[in-house]
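K.L.:
First, the structure itself, so that you have it in front of you.
The values are calculated or read from the model by the stated rules, or taken from the named source; none is laboratory data. Source: prediction; values computed, not measured. Virtual Cβ from ideal backbone geometry, glycine too; neighbours counted across all protein chains shown. Each accessible area value is taken on the protein alone, full model and side chains, heavy atoms only, with ligands, DNA and RNA left out. Shrake-Rupley method; radii C 1.70, N 1.55, O 1.52, S 1.80 Å.
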Amino acid sequence: MTLAEAEVREGRLSYNRTIGVTAMFGRGLYYPVDVAYDRDDRLYVINRSSDADKRGVRITVMDFEEGYYGIFGEFGEEEGQFIWPTSIAVDREQRVFVSDDYMNRITVMSTSGELIGVWGEEGSGEGQLDGPNGLAFNDDNELLVVDHRNNRVQRFTPEGEYAGKFGSPGSAEGLLNMPWGISLCGNGDVLLADWGNNRIQRLTAEGEFVASYGTPGRGEGEFHRPASACIDDDGYIYVADWGNHRVQVLDGEGRFVQSLRGQATISKWSQEFLDTNVEEAAARSRANLELPVELFGGDPHEESSHIERFFWAPSAVKLIGGRLYVVDTCRHRIQVFDVAGSG
């Protein structure tokens, strides 16, 4: 057993598999940034693509076993199209909601990709948006939208009617600095990735401060630009520590439990590609995919960009069916981990 394998197996999370394959169009993923799921356990993966090639902008529909159900959405400014899609959520009526960081709007679609509606406008007033990112539904089926550049969270009905807000800019407890991902706790509290303040904050549904987790840095329990966080039924918190290219686990008091750099193996879709493209498979078999970490001087970005199994800019973490799904953006895949005690 390698050191990395030991770190994974002895903690709260144990590696299960990797799903997805790099593809700029069709079946596959291209710079995925978020994932949601419906009551049939189908996964909806947002592909943001890159500035150099917008063909990859789309939603890929798949499942845990890498069953493929198609794609919908595309790059553009028309209704039903996206420029910078950032987050995705599915409501109790099985409608798909997508935030567009560039267009400052929310697009609503059916699970088969049919356009239902588009709402939102740019600004800083009530109900206006400036960089909408993280999305989550509360128990009242209100959509919570992280209003990134306005340093706040706003609540809307699924039809886009303004229902309230909380948050303001700053670094003190309860204040926000360019927040990103959002999720809900079992009691209705909100868990926010306070990206610019390098911490995770827990607030009540009304925005009152409850707790803050983490400090800036690269050590255990420290964060550098965290992008997403979620919490399980036992109170453990899982953080996509985006700038440190890792996932960290904290207990309910915010104490460090585990840090993961990633343990990716070849996915089903990737293996099918290699079986078909024998020359690429042969080149891969000759490549050194386990370069020594010491070569990169402790720089996590350089480590992740050269060592294939590592996370490279993990953008989102989601708990789905007793497993943690980690959206591994720059590797165009999702790494899946089993959660201890779930099942």
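K.L.:
Percent of accessible area on region 203-275 owned by carbon and sulfur, 1.4 Å probe?
P.N.:
Its accessible area is 45 percent carbon and sulfur atoms.
K.L.:
Quick check: from the Cα gyration tensor, does region 18-117 come out rounded (a/c under 1.5), prolate or oblate?
P.N.:
oblate
K.L.:
Taking amide H atoms as placed 1.01 Å from N in the peptide plane, list the residues 5 or more away in sequence, or in a different chain, whose amide H sits under 5 Å from that of E122.
P.N.:
Residues meeting the criterion, in which the H sits 1.01 Å from N, are L129.
K.L.:
Sort out for me the Cα centre separation of region 25-79 from region 101-169, rounded to whole Å.
P.N.:
The two parts, judged by their Cα centres, are 20 Å apart.
K.L.:
Quantify, in whole percent, the carbon and sulfur part of the accessible surface of region 41-185 (1.4 Å probe; protein heavy atoms only).
P.N.:
Of the solvent-accessible surface of region 41-185, carbon and sulfur hold 41 percent.
K.L.:
How many percent of DSSP beta bridges within the chain run antiparallel, rounded to 5?
P.N.:
Bridges in the chain that DSSP calls antiparallel: roughly 90 percent.
K.L.:
Further question: Taking the Cα centre of the chain as origin, sum charge times position over the Cβ atoms of Lys and Arg (+1) and Asp and Glu (-1), and report the length of that vector in debye to the nearest 20.
P.N.:
Its charge dipole is roughly 620 debye.
K.L.:
Of the labelled options (1) 32, 60, 8; (2) 28, 55, 16, 1; (3) 28, 50, 20, 2, which one gives P(r) over Cα pairs in 20 Å bins from 0, in percent as computed for this structure?
P.N.:
Entry (1).
K.L.:
E159 versus V278, label points 7 Å from Cα toward the beta carbon: distance in nm?
P.N.:
My value for the distance between the label points is 6.1 nm.
K.L.:
Taking amide H positions as placed 1.01 Å from N in the peptide plane, with prolines and chain starts having none, which residues 5 or more places from G164, or on another chain, fall under 5 Å of its amide H?
P.N.:
Residues meeting the amide H criterion: R155.
K.L.:
From the backbone phi of region 225-231, what are the Karplus-calculated ³J(HN,Hα) couplings (6.51 cos²θ - 1.76 cosθ + 1.60, θ = phi - 60°) in whole Hz, Gly and Pro given as x?
P.N.:
Result, rounded to whole Hz: 6, x, 9, 6, 8, 8, 9.
K.L.:
Magnitude of the Cβ-charge dipole of region 89-163, K/R +1 and D/E -1, about the Cα centre, nearest 20 debye?
P.N.:
Taking the Cα centre of region 89-163 as origin, the dipole is about 160 debye.
K.L.:
What shape does region 148-281 have by the C-alpha gyration tensor, where a ≥ b ≥ c are the square roots of the eigenvalues, rounded means a/c under 1.5, and otherwise prolate means a/b greater than b/c and oblate the rest?
P.N.:
Because a/c hits 1.5 or more and a/b exceeds b/c, region 148-281 counts as prolate.
K.L.:
For region 66-82, take each phi angle, set θ = phi - 60°, evaluate the Karplus expression 6.51 cos²θ - 1.76 cosθ + 1.60, and give the result in whole Hz per residue in order, putting x for glycine and proline.
P.N.:
Whole-Hz 3J(HN,Hα) from phi for region 66-82: 6, x, 10, 10, x, 9, 8, x, 7, 6, x, 9, 6, 4, x, 10, 9.
K.L.:
If you average the sequence gap of Cα pairs under 8 Å that are 6 or more apart and divide by the length of region 45-184, what percent do you get for the contact order?
P.N.:
Result for region 45-184 is 13 percent.
K.L.:
Please work out whether region 224-310 counts as rounded, prolate or oblate from its C-alpha gyration tensor, where a ≥ b ≥ c are the square roots of the eigenvalues and a/c under 1.5 means rounded, while otherwise a/b larger than b/c means prolate and anything else oblate?
P.N.:
Oblate, since a/c reaches 1.5 and b/c is not below a/b.
K.L.:
What dipole magnitude, in Debye to the nearest 20, does region 25-116 give about its Cα centre under +1 on Lys/Arg Cβ and -1 on Asp/Glu Cβ?
P.N.:
In debye, rounded to 20, region 25-116 gives about 80.
K.L.:
Hey, for a label at E220 modelled as a point 7 Å past Cα toward Cβ, could you say which residues of region 329-343 have their backbone N under 20 Å away?
P.N.:
In region 329-343, the label zone of E220 (backbone N under 20 Å from the point 7 Å along Cα→Cβ) covers 340.
K.L.:
Per residue of region 120-134, what does 6.51 cos²θ - 1.76 cosθ + 1.60 with θ = phi - 60° give for ³J(HN,Hα)? Whole Hz please, x for Gly and Pro, Karplus curve as stated.
P.N.:
x, 9, 6, x, 10, x, 4, x, 8, 10, 9, x, x, 10, x
K.L.:
Roll a 1.4 Å probe over the protein chains and send me the accessible area per residue for region 141-256 in Å².
P.N.:
Per residue, region 141-256 has an accessible area of 38 Å².
K.L.:
If you don't mind, another one. Taking only protein heavy atoms and a 1.4 Å probe, what accessible area per residue, in Å², does region 298-343 have with all protein chains in place?
P.N.:
The answer is 31 Å² per residue.
K.L.:
OK, next. Which whole-number percent gives the relative contact order of region 147-258, counting Cα pairs below 8 Å spaced six or more residues apart?
P.N.:
So the answer I get is 16 percent.
K.L.:
Report the local net charge at F223: Lys and Arg +1, Asp and Glu -1, summed over other residues whose C-beta lies under 11 Å from its C-beta.
P.N.:
With Lys, Arg at +1 and Asp, Glu at -1, the net is 0.
K.L.:
Taking amide H atoms as placed 1.01 Å from N in the peptide plane, list the residues 5 or more away in sequence, or in a different chain, whose amide H sits under 5 Å from that of I266.
P.N.:
Long-range HN contacts for I266: none found.
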